[in-house]
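Here's the structure we're looking at; comments come further down.
The values are calculated or read from the model by the stated rules, or taken from the named source; none is laboratory data. Model, not experiment: these values are computed from the prediction. Neighbour counts run over all protein chains shown; Cβ positions are idealised from the backbone, glycine included. When the accessible area is computed, the model is the full protein with side chains, heavy atoms only, and any ligands, DNA or RNA have been set aside. Shrake-Rupley method; radii C 1.70, N 1.55, O 1.52, S 1.80 Å.
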Amino acid sequence: MDLRGKSVIITGASSGIGEATAFQMAKKGANVALAARREDRLTKLKERIETETDGKAIIVKTDVTIKEAVDRLAEKTKEAFGSIDCLVNNAGVMLISYMKDGYIDDWMQMIDVNIKGVLHCIHAVLPTMLEQDRGHIVNLSSIAGHEVFPTSNVYSATKYAVRALSMGLQMELSKTGIRVTNVSPGPVRTELPSHITDDRVRTKFISNQEKITLLEPEDIANGIVHAVTQPDRVNTDQITIRNKP
């Protein structure tokens, strides 16, 4: 698919993979709807896109845990660009901890953002994509959606859920013009580790990351762009991007 003039919704666009993906798609000529809670960061990204690329951008401040906010995101995108050609379901949180320590508020937040947020976004764009009989839904899972490590119990559960949703949706939509891709990145240099609320777990996690070669957000963005620009006959339904040792 040629991205020139196509409209793309990207959640979690204020940093990391979302920000990198928005910029890479705009470089290909896409019109991007930048969605996140931090409007100041979205404003800077919009300015960069409009200065350095041929793409256009709109800002829609969005909390993906609120269905009405996500519905508004879809409406604003369609009003601005006339269609919804791609959704990059990227918003997520990684609040890992040991279950014995009972960080139940963190568990609920991960469920709200990583699962309910993904469902809200799919629900908001699917009617338009079905009416168009075209579109591409990209869901961001994780290597943690394939493997579980100590402290990742609940986080992994949410990312397994995203992968299951992607697989089921791909089968459901296989006879339509809508494609579904699940992306599972390995360790990426993002701000997610800094949000871990358990001090001991956060310190250990960051220390472990310093011992490996992290993927960069642009690496994941390149994989997403590759998937969504394949010919109509191709559906790249699963992408796993791991770091080299």
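The residue of the range 126-156 that is farthest from the chain's Cα centre (by Cα), among those that are over 23 Å from Ala22 (Cβ atoms) and polar (S, T, N, Q), is Thr151.
Per the conditions (1) under 16 Å from Val88 (Cβ atoms); (2) within 17 Å of the chain's Cα centre (by Cα), the sole criterion not satisfied by Lys6 is (2). Scanning the range 106-125 for residues that are surrounded by fewer than 21 Cβ atoms within 10 Å (Cβ to Cβ), over 18 Å from Ser152 (Cβ atoms) and not β-branched (Val, Ile, Thr) yields Lys116, Leu119, His123.
Restricting the first member to the range 93-111 and to residues that are in a loop (DSSP other than H, G, I, E, B), and the second to residues that are among the hydrophobic types (A, V, I, L, M, F, W, C) and open to solvent by 60 Å² or more (accessible area, probe 1.4 Å), the beta-carbon pairs closer than 9 Å and six or more apart or on different chains are Ile96/Phe149. Could you say whether any residue in the range 56-65 is in a helix (DSSP H, G or I) and out of contact with any Cys (no Cβ under 9 Å at 6 or more places or on another chain)? For the range 56-65, residues in a helix (DSSP H, G or I) and out of contact with any Cys (no Cβ under 9 Å at 6 or more places or on another chain): absent.
Within the range 146-168, the residues that satisfy the criterion of being more than 21 Å from Asn208 (Cα to Cα) and out of contact with any helix residue (DSSP H, G or I) (no Cβ under 7 Å at 6 or more places or on another chain) are Ala157, Ala164, Ser166, Met167, Gly168.
Of all the residues in the range 142-189, those that are surrounded by 24 or more Cβ atoms within 10 Å (Cβ to Cβ), of a type in the set (S, T, N, Q) and in a helix (DSSP H, G or I) number 2. Of all residues in the range 50-67, those that are free of Cβ contacts under 8 Å to residues at least 12 places away in the same chain have Cβ atoms under 7 Å from Cβ atoms of residues that are open to solvent by less than 80 Å² (accessible area, probe 1.4 Å) and not in a loop (DSSP other than H, G, I, E, B), 6 or more apart or on another chain, in Glu50/Ala57. Considering the range 39-75, the residues that are under 13 Å from Ala13 (Cα atoms) and hydroxyl-bearing (Ser, Thr, Tyr) include one that is most open to solvent (accessible area, probe 1.4 Å), namely Thr43. For the range 126-141, filtered to residues that are in contact with a Lys or Arg (Cβ under 7 Å, 6 or more places away or on another chain) and outside any helix (DSSP H, G or I), the residue that is nearest to Lys78 (Cα to Cα) is His136. Residues being polar (S, T, N, Q) and open to solvent by 20 Å² or more (accessible area, probe 1.4 Å): count how many of those fall in the range 126-141. So the count comes out to 1.
Please tell me if Ser97 is open to solvent by less than 10 Å² (accessible area, probe 1.4 Å) and over 19 Å from the mean Cα position of the chain (by Cα). Please lay out each step first, then the result.
Working: open to solvent by less than 10 Å² (accessible area, probe 1.4 Å): yes; over 19 Å from the mean Cα position of the chain (by Cα): yes.
Judged against the criteria, Ser97 is a match.
State the number of residues belonging to the range 191-239 that are touching a Gly at 6+ places or on another chain (Cβ under 8 Å) and surrounded by 12 or more Cβ atoms within 10 Å (Cβ to Cβ).
Pass one, the range 191-239, residues touching a Gly at 6+ places or on another chain (Cβ under 8 Å): 191-192, 215, 217, 232, 239.
Adding the requirement that they be surrounded by 12 or more Cβ atoms within 10 Å (Cβ to Cβ) leaves 192, 215, 217, 239.
Of the residues in the range 191-239, 4 are touching a Gly at 6+ places or on another chain (Cβ under 8 Å) and surrounded by 12 or more Cβ atoms within 10 Å (Cβ to Cβ).
When the residues of the range 1-22 are filtered to those that are farther than 18 Å from Ala80 by Cβ and not small (Gly, Ala, Ser), which remaining residue is least open to solvent (accessible area, probe 1.4 Å)? Top of the filtered list is Thr21.
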